[in-house]
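Worksheet: one structure, shown below.
The values are calculated or read from the model by the stated rules, or taken from the named source; none is laboratory data. The structure displayed is predicted, hence computed values, not measured ones. Ligands, DNA and RNA are stripped out before the accessible areas are found, and what is left, the full protein with its side chains, is counted by its heavy atoms. Shrake-Rupley method; radii C 1.70, N 1.55, O 1.52, S 1.80 Å.
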Amino acid sequence: MSTKAQTSDQLSAVRSAISSGSSRGLAQYLAPSVEVGFDGDKQSYNSTQTELVMKNFFAKNPPASFDIVHQGSSNEGIPYAVGHYVGRNGNYQVFIKLKPKQPTPTIDTLDFTKE
């Protein structure tokens with residue numbers, strides 16, 4: 001399977017986990033260290049902490065829907081996606097950056113910006 005197809009599969013699974021508000025589902029795609037941001041306030045967490053942060057976010061702002069509106073990769077070949085999160089307490093643009101890693105890419109950055 002090509003890296004591009006793998007990335008697409010990963011993002012599809014990540015989209016599914018976020019749209020169902022499943023921090024546990026999301027956790028299996030996290031890198032050992034993840035930068036998580038909400039409205040510009042960014043912090044690095046280990047994957048266990050990231051799962052808890054996302055669990056709290058989903059609890060406070062349950063998803064109505066989440067769609068990936070754009071995906072691509074940087075000039076350095078780093079895959080990313082931009083999504084639109086519709087939650088009970090507001091809508092967010094979500095930036096997801098993957099860490100290209102064998103055998104599967106993992107999430108390096110999750111950034112939520114309220115619209």
Q: Counting helices only, and only those DSSP H runs with n ≥ 4, report the 222 nm mean residue ellipticity of the chain as the sum of -39,500 (n - 2.57) divided by its residues, in deg cm²/dmol to the nearest 500.
A: -9500 deg cm²/dmol
Q. Quick one: Cα centre-to-centre distance for the range 67-111 and the range 8-33, in angstrom?
A. 10
Q: Take the cross-link list LYS4/LYS55; LYS4/LYS97; LYS55/LYS99 and give me the ones stretching past 19 Å between alpha-carbons.
A: LYS4/LYS55; LYS55/LYS99
Q) Which lysines, on any chain, are close to LYS114 with Cα under 17 Å apart, when same-chain ones fewer than 8 places away are left out? A) LYS42, LYS60
Q | With Cα atoms, 0 to 90° folded angle of helix 47-60 axis to the chain main axis | A | 40
Q | Solvent-accessible area per residue, Å², over the chain with all protein chains present [probe radius 1.4 Å] | A | 54
Q | Over the chain - Rg/Rh using Cα atoms and the Kirkwood inverse-distance radius | A | 0.93
(Q) If you fit an axis through the alpha-carbon atoms of helix 3-19 and take the longest principal axis of the Cα set of the chain, what angle between them do you get, 0 to 90°, nearest 10? (A) 10
Q. What part of the accessible area of the chain, given as a whole %, is carbon or sulfur when the probe is 1.4 angstrom?
A. 47
